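The values are calculated or read from the model by the stated rules, or taken from the named source; none is laboratory data. Since we're looking at a predicted model, the values are computed, not measured. Please note: Cβ atoms are built from the backbone with ideal geometry, for glycine as well, and neighbour counts cover all protein chains shown. Surface areas here come from the heavy atoms of the whole protein model, side chains and all, with no ligands, DNA or RNA. Shrake-Rupley method; radii C 1.70, N 1.55, O 1.52, S 1.80 Å.
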Amino acid sequence: MTHIQWYPGHMTKTKRMLATQMKIIDVVVELLDARVPLSSRNPDIDTLAKDKRRVLVLNKADLADEKITAQWEEYFSDMGFFALAVNAKESKKKSGATNLITALKKTMADKVEKQKQRGRINAPIRAMIVGIPNVGKSTFINHIVGRAGAIAADRPGVTRGRQWLKVGGEFDLMDTPGVLWPKFDDPMVGIRLACTGAVNDDILDRITLANHLIQILESLDTMILQKRYKANTLETIGEVRGFKMKGGVVDLERTAITLLDEFRGGKLGRITLELPN
């Protein structure tokens with residue numbers, strides 16, 4: 001089994017920053033990848049935010065299986081979290097933003113009422129947005145704020161420092177850099193995160209990772225790869241796509257990159273890589 005680890009130095013600094021800033025935070029909003037909800041939960045956040053109110057957002061829900069996402073929402077709700085699924089790129093309807101604001105208001109209703117009784121009527125709620133790299137935090141915040149207020153890019157590790165953004169007069173949102181944890185005890189966690197792009201591709205053997213992805217997809221539904229490629233191994237996918245080098249040898253590296261990119265982009269369909277229990 002491949003063991004993947006990625007914990008660059010800036011993540012240690014981020015963890016220290018989160019611990020310091022947590023003192024002034026009212027509620028923590030943790031973004032998860034709806035395709036790997038459990039694997040994308042940073043266990044360090046449970047420790048850092050143990051005394052804080054929590055909202056879990058299953059982001060990128062448009063790339064995940066809708067029925068399974070509903071099961072994950074129920075799973076986390078049963079654990080006592082306020083959980084909701086959103087598509088951060090759904091800019092027209094802004095349902096994700098509306099649902100989050102509603103969730104934050106419900107989560108903080110009693111505290112807001114206590115503040116009013118003390119005469120603090122217009123005190124904003126301070127919410128910290130946390131999550132692993134490439135889970136879509138900056139895009140999600142842009143979606144909520146309604147403008148390009150945070151840096152967004154489709155690669156892990158873009159947001160380097162904390163950023164405060166206002167949402168009306170009710171909320172102050174702190175965006176934070178993506179952070180993982182030092183060691184994945186379960187090697188499958190690292191593999192799932194790497195498949196979704198949460199781990200920097202430059203440190204990975206893409207051919208090995210693509211083969212792991214094929215194994216996962218085949219275990220979920222043997223028709224996923226057949227529908228897209230009419231093949232179900234890395235070599236035969238490369239043959240179908242015509243990815244050949246000199247001598248007619250299949251270019252496995254190019255095939256692996258293509259498979260990973262197409263999975264991450266949703267071209268293989270709406271797929272969730274792990275199920276509740």
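Its Cα centre serving as origin, the chain has a Cβ charge dipole (Lys and Arg +1, Asp and Glu -1) of approximately 1240 debye.
Angle of helix 9-21 to the longest C-alpha principal axis of the chain, folded into 0 to 90 degrees and rounded to 10: 20°.
When the C-alpha to C-alpha distance is required to be over 25 Å, the pairs from K67/K227; K60/K106; K50/K137; K116/K137 that qualify are K116/K137. Within the accessible surface of the chain, defined with a 1.4 Å probe on protein heavy atoms only, the carbon and sulfur portion equals 48 percent. Note on T47 and H10: the model spin-label points, each 7 Å out from Cα along the C-beta direction, lie 2.3 nm apart. Taking a spot 7 Å from the Cα of D78 along the direction of its beta carbon, which residues of region 234-277 have an amide N less than 17 Å from it? Inside the label zone: 274-277. Sequence-distant contacts, meaning Cα pairs under 8 Å at least 6 residues apart, place the relative contact order of region 208-277 at 29 percent.
Each DSSP beta bridge with both residues in the chain is either parallel or antiparallel, and the antiparallel ones are about 20%. The average projected area of region 205-277, computed from the convex hull of its Cα atoms over all directions, is 4.9 nm². Helix 252-264 and the long axis of the chain differ in direction by around 30°, with both axes built from C-alpha atoms.
Mind checking the log10 I(q)/I(0) for region 187-240 at q = 0.18, 0.23, 0.26, 0.31 Å⁻¹? Debye, one equal scatterer per Cα, no solvent, two decimals. Summing over Cα pairs of region 187-240 leads to -0.61, -0.90, -1.04, -1.19.
Note on T236 and T2: with the Förster distance fixed at 22 Å, the Cβ-Cβ geometry gives a FRET efficiency of about 0.55.
Relative to the globular-protein estimate of 2.2 N^0.38 Å, the Cα radius of gyration of the chain stands at 1.08. Surface exposure of the chain, expressed per residue as accessible area with a 1.4 Å probe, stands at 49 Å². Report summary: the helix-based calculation at 222 nm, which adds -39500 (n - 2.57) for every DSSP H run with n ≥ 4 and divides by the residues of the chain, gives -13000 deg cm²/dmol. Between 0 and 90 degrees, the angle of helix 95-117 with respect to the longest Cα principal axis of the chain falls at about 30 degrees. Dipole orientation for the chain: of the candidates G190, I24, T258, I24 has the Cα lying most toward the positive pole (charges on Cβ; Lys, Arg +1; Asp, Glu -1).
Using Cα positions and a limit of under 14 Å, work out the aspartates and glutamates in reach of K114, with same-chain residues fewer than 8 apart set aside. Qualifying aspartates and glutamates at Cα under 14 Å: D26.
The modelled label-to-label distance between V249 and I101, using points 7 Å beyond Cα along the C-beta direction, is 5.8 nm.
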